[in-house]
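Down below is the structure, laid out as structure tokens.
FYI, it's all coordinate maths here, none of it is from the lab. Worth saying up front: this structure is predicted, and the values here are computed from it rather than measured. Cβ atoms come from the backbone with ideal geometry, glycine included; neighbour counts cover every protein chain shown.
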Ligand code: G1P
């Protein structure tokens with residue numbers, strides 16, 4: 001079965017970015033000149049996803065508007081003859097009906113957010129993208145995962161190696177490498193302290209899940225931080241179905257963190273021919289003071 005649907009949990013308040021996020025969705029913060037959410041949505045469409053499911057909350061109106069037409073801007077750009085920009089904002093609007101919004105009424109955790117999409121996803125495997133995790137790779141990461149899914153027909157999560165003292169920020173795996181970059185997961189634990197972590201292999205925000213996961217998410221058992229955790233439901237799913245970890249080649253930026261967000265801006269700006277030289281010149285100048 002083809003992966004056609006992708007769930008984006010985007011209900012978080014973004015308190016770490018206050019005051020920027022007081023009246024604005026954190027997913028709308030720009031990395032260079034594109035909102036964080038747009039990177040993930042483009043990645044999903046590039047992987048063949050046909051339907052985007054946003055699990056939103058209050059205060060996320062800008063997100064909906066971003067993926068809708070803006071007649072005022074289009075009108076002004078047309079009048080000024082700025083056809084490039086006009087095309088850019090028109091292309092950004094997905095085909096009518098391909099984005100669905102549902103709400104997570106209470107902040108009960110990532111697992112609960114995914115569960116909110118259960119009736120829209122239905123009985124088919126689906127992808128989950130945590131937009132805060134911005135991933136810079138040669139080959140788009142979700143496209144690679146979809147290819148692996150076609151072969152293994154099983155749930156999987158993207159993984160990366162982290163510093164051992166950072167395990168309490170991630171879902172951590174006990175896993176063994178089956179073939180290059182593909183791990184068979186034996187067990188997983190959400191945010192363990194470094195002394196309890198089974199490895200330094202951490203989950204990052206890209207998943208492909210079989211619909212069976214909704215059964216376990218529906219039990220609404222609370223885990224780390226008193227929240228309903230996706231990792232815990234996956235751990236239970238492991239007893240019935242295999243789950244794999246895909247170690248990607250590339251760089252992941254945690255845009256939910258202020259430093260990670262700045263790093264993402266710098267890394268993505270340095271990829272841009274129109275910005276690269278001036279930035280390098282500036283970095284060289286200020287690094288003398290470090
Ligand atoms: C979530 C998951 C965690 C995963 C992480 C990746 O945690 O619960 O397993 O490692 O995303 O970014 P959060 O960052 O939402 O606390």
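Data overview
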{"read-out": "Selection within region 42-61 - under 18 Å from the mean Cα position of the chain (by Cα) and part of a helix (DSSP H, G or I)", "value": "42, 43, 44, 45, 46"}
{"read-out": "Pick from region 13-29, criterion surrounded by fewer than 22 Cβ atoms within 10 Å (Cβ to Cβ) and touching a residue at least 24 places away in the same chain (Cβ under 8 Å), ranking: farthest from residue 207 (Cα to Cα)", "value": "23"}
{"read-out": "Top-ranked residue of region 192-201 - restricted to ones that are within 22 Å of the chain's Cα centre (by Cα) and without any contact (Cβ under 8 Å) to a residue 40 or more places away in the chain, ranked as nearest to residue 253 (Cα to Cα)", "value": "200"}
{"read-out": "Subset of region 222-266 (residues that are touching a residue at least 40 places away in the same chain (Cβ under 8 Å) and closer than 15 Å to residue 132 by Cβ)", "value": "230, 251, 252, 253, 254, 255, 256, 257, 258, 261, 264, 265"}
{"read-out": "Candidate set from region 181-192 (those that are in a strand (DSSP E or B) and within 14 Å of the ligand (Cβ to nearest atom)); member that is farthest from residue 171 (Cα to Cα)", "value": "185"}
{"read-out": "Options 89, 114, 99; residue that is buried (at least 17 other Cβ atoms within 10 Å of the Cβ), touching a residue at least 12 places away in the same chain (Cβ under 8 Å) and away from the ligand (no atom under 16 Å from the Cβ)", "value": "99"}
{"read-out": "Among residues of region 155-183, those that are more than 18 Å from the chain's Cα centre (by Cα) and either surrounded by fewer than 17 Cβ atoms within 10 Å (Cβ to Cβ) or at positive phi (or both), counted", "value": "12"}
